[in-house]
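A short worksheet on the structure shown next.
Here, each number is a calculation from the coordinates, and none is a lab measurement. Quantities reported herein were computed from a predicted structural model and do not represent experimental measurements. Cβ atoms come from the backbone with ideal geometry, glycine included; neighbour counts cover every protein chain shown.
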Amino acid sequence: MDHGREGGPAGLITVAGGKMSDFRLMAQEAVDSAGRWLGTFGECRTAALTLEGERVSETPAGGPPPKKLKEFLDHHPRLREGHALAYLGAAYGRHLLSHVRESTLGDVLIHYENKS
């Protein structure tokens, strides 16, 4: 929420609520709003970049669940959230493994030593 547009203090933006599947879009809207306020507005690129900032080369495999699974998950919202977490967790695991294979134990230790 852009408080300035609602009669509150200009430049104050609040992001609240939402589902995990909406977080990237919510962040994009908040940053776009801040960019407009600061006068540095540019085209948002997050949807087309990987976590490392490289261009997305292909659409990830997957898509919506089959119709029967979707109907089942619609009737069991807690399982639906679990299904989404499992899907995202598997995607993150694949991402992590693709980078761990390229790293040595020394690389990992140096990475975490620099974080402290």
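For the range 1-58, just say rounded, prolate or oblate: build the C-alpha gyration tensor, square-root its eigenvalues into a ≥ b ≥ c, call rounded for a/c under 1.5, and beyond that prolate if a/b exceeds b/c, oblate if not.
Verdict is oblate for the range 1-58.
According to a simple spin-label model (label point 7 Å from Cα along Cα-to-Cβ), what is the distance in nm between His76 and Ala91?
The answer from the label model is 2.2 nm.
Apply the a/c threshold of 1.5 to the C-alpha gyration tensor of the range 7-96 and tell me whether it is rounded, prolate or oblate.
oblate
Which loop trypsin sites (Lys or Arg not before Pro) in the range 1-52, with loop taken from DSSP, have no more than 15 other Cβ atoms within 10 angstrom of their Cβ?
Within the range 1-52, the qualifying trypsin sites (Lys or Arg not before Pro) (loop, at most 15 other Cβ atoms within 10 Å) are Lys19, Arg45.
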